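Single-structure report; data block below.
Nothing in this text is a laboratory measurement; each read-out follows from the coordinates by a stated rule. Everything numeric here is computed off the predicted structure, so don't read it as measured data. A quick note on method: Cβ atoms are made from the backbone with ideal geometry, for glycine too, and the neighbour counts reach across all protein chains shown.
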Amino acid sequence: MDFLFVQVLTGLASGSALFLAAAGLTVIFGVTRVVNFSHGSLVMLGAFLGVTLLPMLPREPEWFAPMWFALGALGCAAAVGLAGAVLEMTLLRRIYAVPELFQLLATFGVVLMAQDAALWIWGANDIPLPRPRWMRGAVEIAGQRFPVFDLVLIGVGLLVLGLLWFMLRRTRLGVLIRAATENRVMAGALGINQRALFTGVFALGSALAGLAGVLMLPSGSANLHIDLTVIAEAFVVVVVGGMGSVPGAYVAALLIGVLQAVGIVFLPKITLVMVFLVMGLVLAVRPAGLFGTVVTESHAVAHAFVGPTPRAVLWLGGAALLLALLAPLLAGPYALTVLTEALVAVLFAASLHFMMGPGGMASFGHAAWFGIGAYAVGLAVKFLALPFPAPLLLAPLAAGVLAAVLGLLLVRLSGVYLAMLTLAFAQIVWAVCFQWVEITGGDNGILSLWPPLGAWGFYWLALAVCAGGAVGLRLVLRAPFGVALRATRDSELRAEAVGLDTRRLRLLAVTIAGAASGLSGAVFAYAKGSVFPGYAAIPHSVDALLMVLLGGIQTLSGPVVGAVAYTGLYDVLLQVTDSWRFVLGLVILGLVLAFPHGLAGAALRWWGRVPGTGA
């Protein structure tokens, strides 16, 4: 029992550190409604500044060393807060009026640029913080030694919670923040300077992120992987606690920290998914989180238009298809491999767009179905010895069935909550593939899945399957089902009033999108001759989002354009520069600023077409 008590204290310490990162994110979202993917980069920046600045501070006299550490940590937090304010004024202020998902795309561009910038300055190796004597100290609790710094973390978490509560409830700034959180439009009409408020809130949230990065150093190190690791867990905390609720973020962070600390002892096999299991269970019971309310305020929502296809698009599509058919005669082996990956990307992106555009259901974990389809092929070959092409037919069935099961929960949610539940499921799929070594091979994957076709034959098969799948999705959206699905997206109450079963329509959309994504994963598994857990990982889901948003979510041609553009750009950058992340992030930012509705959406407007008559 004493051991369990100490583990709970350890969980409270790690949860307090996580709260600092999540508190900044929840304050920023509450006011600006920006899903800031670059928040993890601010935590990473705080960690790197910490390992740079803190070792320079005096350590003598020993009794004053903790004060120097505190001053250094606050200095790093202030520097990160200033960086956040600059980010808000130079970038985010320009894109508040664009659809929310394009804001996510822009902040992911910042993530890519920050990763390469940190690589240039601090290098690729992990940098630990040299710990002074006071930080290595321990006290005896319940007969066991407990680190002093973990007690400090618990105290800092409570202190920050108290200060935030006081600021929000007892100061004029807090009144303005709560007013903007409740209704930004009304707050602006009452004369509140929203520019100054947004910048101040972003600086505050960024400073908390920087402080979290510094305080995570004694139990870890500064490295280039902090950003994505932290942002995933911080999103979970914000969603479980309730979007915009600081007390909710604190309770959720402590809950997750304790469950992880206790689970690693009693249930080590599921520690990787513990966070996301908690989120899934909470959202299943309380769709708005523990302390949250459903956010109905939105701005500039991007809707997919479906209408007569412009003749120019038909000619371009026909020419592209002809070139694709002749590609084996014109391109070498490497180019053919890249083209095959582009075809897979087209179907993958089209399946996500099916949910996001006409379906109005954003997904942050679409790679789950892709990974399920790939592993359906791998397991069918490895254990059932099914001959080709039977596994290719099994993959969409497996992905579609599991998508339908998860869809029973998804149809109860909307907005960010729905997107985060898909992220949770994708992380669970990844963890199962990574940890169930006896079945999936773990990180070693499943190998030797080459199809009994030559390079040309498999390319033409991939073209038929992926292009045919994308066209099939397009035809479904032009059918009565697609019209009903868009009606559900545009106004669920009106759709139900005319007799449409909105939940059933959304469930079918999730199932179809999952099956199509699984089919793309199956083709990819055969193209690579192997399957690995990374196929279902978060970065792969982000790739799909990038493709859809780059092409433009408003048009049915958008995912095709985005998939080809992203695949080609990625391949070119890998060959011409080692700093491909920075350049890719810069290109993404440029595209968001220049084409806030995506490449295909910009073309739609250039042709002078109006909403409802696009490609």
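Put simply, the convex hull of the Cα atoms in the range 161-233 casts, on average, a shadow of 6.3 nm². Comparing LEU259, LEU105, GLY280 along the charge dipole axis of the range 2-285, the residue lying farthest to the positive side is LEU105, per the Cβ-charge model.
So for the chain, what percent of the C-alpha to C-alpha distances run longer than 36 Å? Provide the component values of the computation, followed by the final result.
Working: 71753 of 188805 pairs.
Value for the chain: 38 percent of Cα pairs lie more than 36 Å apart.
Note on the range 323-397: Kirkwood hydrodynamic radius from all Cα pairs is 14.5 Å, rounded to one decimal. Candidates VAL35, TRP120, LEU329 compared by Cα position along the dipole of the chain: farthest toward the positive end lies VAL35, with charges placed on Cβ. For the range 1-73, place one equal point scatterer on every Cα, skip the solvent, and apply the Debye formula. What is log10 of I(q)/I(0) at q = 0.11, 0.16, 0.18, 0.22 Å⁻¹? Values, matching the q order: -0.47, -0.83, -0.92, -0.99.
Using the Karplus relation 6.51 cos²θ - 1.76 cosθ + 1.60 with θ = phi - 60°, the per-residue 3J(HN,Hα) values for the range 144-158 come to 10, 7, 10, x, 4, 5, 5, 5, 4, 4, 4, x, 5, x, 5 Hz, with x marking Gly and Pro.
Kindly give Rg over Rh for the range 96-205, based on alpha-carbon atoms, with the Kirkwood expression for the hydrodynamic radius. Walk me through the intermediate numbers first.
Values: Rg = 21.0 Å, Rh = 18.6 Å.
Taking Rg over the Kirkwood Rh, I get 1.13.
When the square roots of the Cα gyration tensor eigenvalues are ordered a ≥ b ≥ c, the ratio a/c for the range 2-285 is 1.5 or more and a/b exceeds b/c, which makes its shape prolate.
Sites listed here are chymotrypsin sites (Phe, Trp or Tyr not before Pro) in the range 406-443 whose DSSP assignment is loop and whose Cβ has at most 10 other Cβ atoms within 10 Å, and the list is empty. Please report how far the C-alpha centroid of the range 53-130 lies from that of the range 423-444, rounded to the nearest whole angstrom. Taking the Cα centre of the range 423-444 as reference, the centre of the range 53-130 is 32 Å away. Here the peptides 316-324, 479-487, 513-521 are ranked by packing, the mean other Cβ count within 10 Å, and the order with the highest first is 513-521, 479-487, 316-324. Dividing the Cα radius of gyration of the range 1-133 by its Kirkwood radius returns 1.04 for Rg/Rh. In order along the range 422-439, phi translates into HN-Hα couplings of 5, 4, 4, 5, 4, 5, 5, 4, 4, 5, 4, 5, 7, 9, 7, 4, 4, 9 Hz, rounded to whole numbers, per the Karplus curve 6.51 cos²θ - 1.76 cosθ + 1.60 with θ = phi - 60° and x for Gly and Pro.
Treating the beta-carbon of each Lys and Arg as +1 and of each Asp and Glu as -1, no other charges, what is the dipole magnitude of the chain about its Cα centre, to the nearest 20 debye?
On the way: 31 positive and 23 negative charges, 262 e Å.
My answer is approximately 1260 debye.
Highest mean packing comes first when the peptides 206-218, 375-387 are listed by Cβ atoms within 10 Å, giving 206-218, 375-387. All Cα-Cα distances of the range 311-606, cut into 10 Å bins from zero to the largest, leave 7, 28, 36, 23, 6, 0 percent in each bin in turn.
Among the trypsin sites (Lys or Arg not before Pro) within the range 73-177, those in coil by DSSP and having at most 14 neighbouring Cβ atoms inside 10 Å are ARG133.
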